[in-house]
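Peer 1: Got a structure for you, written out below as structure tokens; questions coming shortly.
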Amino acid sequence: MVDSEEAELLLWISLLADDIGPRRPTGVAERRAAEVLAEGLSRLGVDARLEAFRGYSSFALPFAITVGTAVAPELLPRRLRRLRAGLAALAAGMLATEGSLRFAPLSDLLSRRPSQNVVATIEPSGTAERTLCLMAHVDTSRSGLMFHPRLVGWMNTWIGLNSAMIVAGALGEPLSGRSPNLRRALRLARAVLLGGLGVLGERERRGVDVPGANDNASGVAVVATLAAELAAEPLASTRVVVCLTGCEEAGTLGARAFLREHETEGWLFLNVDNVGGSGSVRYLRREGVIARWDADPGLIAAAESVARAEPGLRMASEDAPAGLTYDSSPVHARGGRALTLSVQDGFIPNLHRPSDTVANVDLGGVRRTLRAARGIAAAVDAGLADGPR
Ligand SMILES: [Zn+2]
């Protein structure tokens, strides 16, 4: 049985996942989705506008360039020792900067295609003492062998392994002239990296853009619904900023653009991603793949207060979340204050699969997350997340 709250959430989800469909980063459908969301929000009293930025369509692009550069020394003759060592070091440099989600020259260079965030501000009824930014990404991912349910659990390990081999290549290459064993080890490492490139290529060639009902029309539905509520009945002392991002699946580019363009010092960020499952509403205490970041203690305290007050929401903390980076990750990377809500118990249902459809969304999970987010916003407004000033 679908109650009125679930019916409202379902409208947003089917608008994105059914009416518009797959929303590839920087694509026409991603643009259309942003326009439709801005119109829909404005009709509900949330004065939303689009903020343009430049991005690219797939995380595979910087990843393939980095891995390709790491493998390249193997293809060069041994006498070009300096060039080989230089390429190996360049690959490690690209890995470190891309992984930082901050200073990422490769990403900047590749960001050529138009994308956009949907942004709105809701002023409080009294004087603003703090700002809470509600985030969710609009864009969708592409399927591929790497997201097969039997393999997806290994993704973090796989990325960690690839990263270790890129670093090992940079450290080992300058020394490899002296040791045949080291040369063999480097060759093996690069063969593994090449295999990884093959997996990426499989996704680009054979994968399909998925409808993204759970990932992340569900999160957008929660943020849009809550934003409409707060526009009708503003918080007392908390300014609410809505940021529905593009290009999250291409390396959290929308969130990064937003953080570049806005002065967000001291803001609190509550991100909602993949909340259409049947599991626990998780607040992610830690996130990140290569670098790891802790979520904001104030927001965790706010989440815990809601979890205690409303056990029916089935809220729980999570220290080792499924999935890779989130839109909260670049906030953490800048030393900011953020927390992500995601419905997951060890895995995210239908993640980056063609089966990520409206029919497979558990509306109960979306509704529990809406209530959790509403409770956290109220707790933040009551000062629960305020750190020492
Ligand atoms: Zn997502």
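The values are calculated or read from the model by the stated rules, or taken from the named source; none is laboratory data. Nothing here was measured: the structure is a model prediction, and the numbers come from that model. Heads up, the Cβs are rebuilt from the backbone with ideal geometry, glycines too, and the neighbour counts pull from every protein chain shown. With ligands, DNA and RNA removed, areas are computed over all heavy atoms of the protein, side chains included. Shrake-Rupley method; radii C 1.70, N 1.55, O 1.52, S 1.80 Å.
Peer 1: Normalised by the empirical 2.2 N^0.38 Å for globular proteins, what value does the Cα Rg of the stretch 30-135 take?
Peer 2: Relative to the rule-of-thumb radius for its length, the stretch 30-135 sits at 1.64.
Peer 1: Got a sec to turn the phi values of the stretch 361-366 into Karplus ³J(HN,Hα) couplings, 6.51 cos²θ - 1.76 cosθ + 1.60 with θ = phi - 60°, whole Hz, x for Gly and Pro?
Peer 2: Those phi angles translate into 7, 8, 5, x, x, 5 Hz.
Peer 1: Another question about this same structure. With a probe of 1.4 Å, find how much accessible area the chain has per residue, and write the answer as a whole number in Å².
Peer 2: Averaged over the residues of the chain, the accessible area is 42 Å².
Peer 1: Assuming R0 = 22 Å, can you tell me the calculated FRET efficiency for the pair ASP386 and ASP294, based on Cβ-Cβ distance, to the nearest 0.05?
Peer 2: About 0.80, to the nearest 0.05.
Peer 1: For VAL208 and ASP3, calculate 0.36 nm times their separation in residues minus their Cα-Cα distance, and state this gained length in nm to one decimal.
Peer 2: So the extension gain works out to 70.5 nm.
Peer 1: With the full set of protein chains in place, find how many percent of the accessible area of the stretch 244-389 is carbon and sulfur; take the probe as 1.4 Å.
Peer 2: 49
Peer 1: Among LEU110, LEU351, LEU339, whose mean-square fluctuation peaks in a Gaussian network model of the chain (Cα, cutoff 10 Å)?
Peer 2: It is LEU110.
Peer 1: Now for a separate question. Taking only C-alpha pairs under 8 Å that are 6+ residues apart, what is the relative contact order of the stretch 316-389 in percent?
Peer 2: So the answer I get is 23 percent.
Peer 1: On to the next question. What does the charge count near THR26 come to, summing +1 for each Lys or Arg and -1 for each Asp or Glu among other residues with Cβ under 11 Å from its Cβ?
Peer 2: Counting the neighbours of THR26, the net charge comes to +3.
Peer 1: Amide H neighbours of THR121 under 5 Å, at least 5 residues apart or on other chains, H built in the peptide plane: list them.
Peer 2: Amide H neighbours of THR121: ASP47, VAL242.
Peer 1: Right, here's the next one. For the stretch 321-386, count the residues as N, evaluate 2.2 N^0.38 Å, and divide the Cα radius of gyration by that value, please.
Peer 2: 1.34
Peer 1: What FRET efficiency comes out for LEU171 versus ALA191 if R0 is 22 angstrom and r is the Cβ-Cβ distance? Round to the nearest 0.05.
Peer 2: E between LEU171 and ALA191, to the nearest 0.05, is 0.75.
Peer 1: Which length gain, in nm to one decimal place, applies between TRP154 and SER125 when the Cα-Cα distance is subtracted from 0.36 nm times their residue separation?
Peer 2: 5.7 nm
Peer 1: Helix 60-71 against the longest principal axis of the chain: what's the angle in degrees, Cα atoms only, rounded to the nearest 10?
Peer 2: With both axes taken from Cα atoms, the answer is about 20 degrees.
Peer 1: Rounded to the nearest 0.05, what FRET efficiency do LEU44 and SER355 give with R0 = 22 Å and r taken as the Cβ-Cβ distance? Could you check?
Peer 2: Rounded to the nearest 0.05, the efficiency is 0.10.
Peer 1: So what is the orientation-averaged projected area of the stretch 138-203, using the convex hull of its C-alpha atoms, in nm²?
Peer 2: 5.6
Peer 1: For a quick protection proxy, order the peptides 30-42, 168-180 by their average other-Cβ count within 10 Å, most packed first.
Peer 2: Descending mean neighbour count gives 30-42, 168-180.
Peer 1: Same structure, new question: Can you pull the percent of the stretch 91-208's accessible area that's carbon plus sulfur, 1.4 Å probe, other chains left in place?
Peer 2: On the stretch 91-208, the fraction of accessible area on carbon and sulfur atoms equals 63 percent.
Peer 1: Stick to Cα atoms and the Kirkwood definition of Rh, then tell me Rg/Rh for the stretch 246-389.
Peer 2: The Rg/Rh ratio comes out at 0.95.
Peer 1: Another question, if that's okay. For the chain, what Kirkwood radius comes out of the mean inverse Cα-Cα distance, in Å?
Peer 2: Taking the inverse mean of 1/r over all distinct Cα pairs, the chain comes out at 21.4 Å.
Peer 1: Over all directions, the average projected area of the alpha-carbon convex hull for the stretch 95-193 comes to how many nm²?
Peer 2: For the Cα atoms of the stretch 95-193, the hull's average projected area reads 11.3 nm².
Peer 1: Quick one: Karplus J couplings for the stretch 74-83, per residue in order, coefficients 6.51, -1.76, 1.60, θ = phi - 60°, nearest Hz, x for Gly and Pro?
Peer 2: Each residue of the stretch 74-83 in turn: 5, 8, 8, x, 5, 5, 7, 4, 5, 5 Hz.
Peer 1: What residues have an amide H closer than 5 Å to that of PHE53, excluding those fewer than 5 places away on the same chain, when H is modeled at 1.01 Å from N in the peptide plane?
Peer 2: Excluding prolines and chain starts, which carry no amide H, the hits are SER115, GLN116, ASN117.
Peer 1: Please state the relative contact order of the chain as a whole percent: Cα pairs under 8 Å, 6+ residues apart?
Peer 2: 24 percent.
Peer 1: Apply the a/c threshold of 1.5 to the C-alpha gyration tensor of the stretch 56-108 and tell me whether it is rounded, prolate or oblate.
Peer 2: prolate
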